[in-house]
Every structure is written in structure tokens, then in C-alpha cells.
Amino acid sequence: MDHLLRDLAPIPPIAWKEIDDEARERLTPLLAGRRLADWTGPGGWKHSSADLGRTTPLDGPPPGTSGAGVLARQRRVLPLAEFRVPFTVDRREIEDVQRGAADPEFDDLARAARQAAEIENRAVFHGWPAAGIEGIVAVSPYPAPALGTDAQAYPGIVARAVETLRLAGIEGPYALAIGPDGYTRIVETTEHGGYLLFDHLKRILGGAIVWAPGVDGAVVMSQRGGDFLLDVGQDLSIGYSHHDADTVHLYLEESFTFRAVEPDAAIALG
């Protein structure tokens, strides 16, 4: 039995499959950070830290030993953060799945999936100071031009951001991670001559435009690889908490950390 305690839940295998499938279907389009960063893992629940490859000098060897000529250092690591997002499943829905219902209502799971995805996205792009995570926006060294609400101006803004990265020696292709409001403006806009703004921006970037819930504004970032590392221990999984006569209490759980190895490889659009 693992720490998720799924075997203790009053949920038969066929219902667990429906719940897991629903969670996967909900989470996949929401997880923008892992679509753009290099993903490492899953290292498992016991994976506790990411190796930074650096050290901190120590004053010397343990007290009481000879320190003559000794060089002492301590390895530096970045601890993983973990979170749980609770949700509930109605036991009547579980029973209906056993009867063959093809449309189970897992509305609270959908809410939990949005919340979990936003936590990961916010940490990747805007950081999580309490967990020691510096997000892409926080470490980017460039001034952040305003994106604004005029979608017709987006090609010029994105083109200048791409040029800034290119002049800094950051190769493409490039991607645009943009919050839901900005993404909607892009897909709804047709430029003069009937050319879709979405297609125009993709040509400028040479890469993807990614809908990114939890992101404020947008970020243009290189997709050459090696610049942004998402280190996952326990990948998003469903665990069991407790139940009563009517409701099963579950949760979505993940452990991860994030590093911007090359801060120069992204520019925020405010």
C-alpha cells in the first residue's frame, strides 16, 4: 500500500478508471508550464530535492579535528514542494458508473484540476517564494513591455520581444505563454486582409502559442531546450482521504520544483 491509500477507498476499479481518466482529460490542456519547460521525472514520492550542482563553503571540518589544509563545502539542493487539492465524489455517481453510466458527474474534480494546474503554472511563471521557487517572470532581466488589450498591436510587441532574445544570443524557436483573456483576443482577431492573428504570431515565434491559466499577461520564451527545468517527484495523482455514507473525499497531489537555468531566455509582457 502506498501513501495515496487508494486501496482503502470504497471505489471499485471501474470507477477509479473513470476518475483517473477524467482527471487526465481535465489536467492535460491546463498544464502550460510543463508544455514549455524541460520536464524531469517523475522521481517518485521519496524524491525530495533537485541537485543544483553548486556548493556553499563551510568554516572547516567538525570541531575537535585538525583543520590544517582542509577545504570543506556543502552541496546545495533545491527542495521539492508538495501540495494537495481536496475534492469530493458523490457515492451515487460511483454506483452509477458500476451500472454502466457513461457520463459521470465529477464536477468537484474539474474544479480541483483547475486549481492544481494553476498552482503549478503560477510557480513556473510567477514563482512560489515560500517554496524557494523563482518564476520565469521574476528572473527575466529585460524590461517588461505592456501587452495591452489591443490585439492588433500584438504582432509588433511579440516581434520586438523575439528580437530582444535573439540579440541576447538566445536561439529559437520561441513560444508565447499567454493568460486566458489574451489568448481569447488572439483567436478571435482577424487582421486586415483576413489573415488570422494566431497564424501571424506563430510565424513570428516559430513555435507554439500556449493557453496558460494562472499567467498574468504573457511570456515569450525560447524553446531551444535546457533553459527551464521542471523537476517532478510525485506527478499529479489522486489519493484517498476518508468517506462517509454519501461522499468520498479524495485529493490531487503533486511534488515539484522549478528552476530558470538561463533567465535571459524569456521576456515577460506585462
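In the stretch 250-270, the residues that are crowded, with 18+ Cβ neighbours inside 10 Å form Cβ pairs under 6 Å with partners that are among the basic types (Lys, Arg) and part of a strand (DSSP E or B), at six or more places apart or across chains, as follows: TYR251/ARG84; GLU253/ARG84.
Take the conditions (1) modelled with pLDDT of 95 or more; (2) within 14 Å of ILE267 (Cα to Cα); (3) surrounded by 14 or more Cβ atoms within 10 Å (Cβ to Cβ); ALA144 misses just one of them, which is (1).
For the stretch 1-45, enumerate the residues that are within 30 Å of GLY179 (Cβ to Cβ), among the hydrophobic types (A, V, I, L, M, F, W, C) and at pLDDT 95 or above. Hits for the stretch 1-45 are ILE19, ALA23, LEU27, LEU30, LEU31, ALA32, LEU36, ALA37. For the stretch 73-89, taking the residues that are in contact with a Phe, Trp or Tyr (Cβ under 9 Å, 6 or more places away or on another chain) and over 30 Å from VAL220 (Cβ atoms), the one that is surrounded by the most Cβ atoms within 10 Å (Cβ to Cβ) is identified as VAL89. For the stretch 133-145, name all the residues that are over 14 Å from LEU229 (Cα atoms) and outside any helix (DSSP H, G or I). Listed by number, the residues that qualify are SER140, PRO141, TYR142, PRO143, ALA144, PRO145. Taking each residue of the stretch 38-59 that is aliphatic (A, V, I, L, M) and looking for partners that are assigned to a loop (DSSP other than H, G, I, E, B) with beta-carbon atoms closer than 8 Å, six or more apart or interchain, yields ALA50/LEU80; LEU58/ALA72.
Note on the stretch 221-233: residues that are under 28 Å from ALA151 (Cα atoms) and in a loop (DSSP other than H, G, I, E, B) total 2.
Residue-by-condition table, conditions (1) hydrophobic (A, V, I, L, M, F, W, C); (2) within 20 Å of the chain's Cα centre (by Cα); (3) on the phi > 0 side of the Ramachandran plot:
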| position | (1), (2), (3) |
| --- | --- |
| ARG34 | no, yes, no |
| GLY69 | no, no, yes |
| VAL97 | yes, no, no |
| LEU109 | yes, yes, no |
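Tell me, which residue of the stretch 157-203 that is among the β-branched types (Val, Ile, Thr) and under 23 Å from PRO143 (Cβ atoms) is surrounded by the most Cβ atoms within 10 Å (Cβ to Cβ)?
Ranking the candidates gives ILE178 first.
Residues of the stretch 51-69 that are out of contact with any Gly (no Cβ under 6 Å at 6 or more places or on another chain), assigned to a loop (DSSP other than H, G, I, E, B) and surrounded by 10 or more Cβ atoms within 10 Å (Cβ to Cβ): LEU58 alone. Within the stretch 109-138, residues that are farther than 15 Å from VAL232 by Cα and free of Cβ contacts under 8 Å to residues at least 40 places away in the same chain have Cβ atoms under 8 Å from residues that are aromatic (Phe, Trp, Tyr) and buried (at least 18 other Cβ atoms within 10 Å of the Cβ) in these pairs: ARG111/PHE87, counting only partners at least 6 apart in sequence or on another chain. Of all residues in the stretch 247-269, none satisfies being assigned to a loop (DSSP other than H, G, I, E, B), in contact with a helix residue (DSSP H, G or I) (Cβ under 9 Å, 6 or more places away or on another chain) and either on the phi < 0 side of the Ramachandran plot or of a type outside the set (Val, Ile, Thr) (or both).
Scanning the stretch 1-20 for residues that are of a type in the set (Val, Ile, Thr) and either surrounded by fewer than 17 Cβ atoms within 10 Å (Cβ to Cβ) or free of Cβ contacts under 8 Å to residues at least 60 places away in the same chain (or both) yields a count of 1.
The values are calculated or read from the model by the stated rules, or taken from the named source; none is laboratory data. As the structure is a prediction and not an experimental result, all values here were calculated from the model. Quick reminder, even Gly has a Cβ in these numbers, built from the backbone with ideal geometry, and neighbours come from all protein chains shown.
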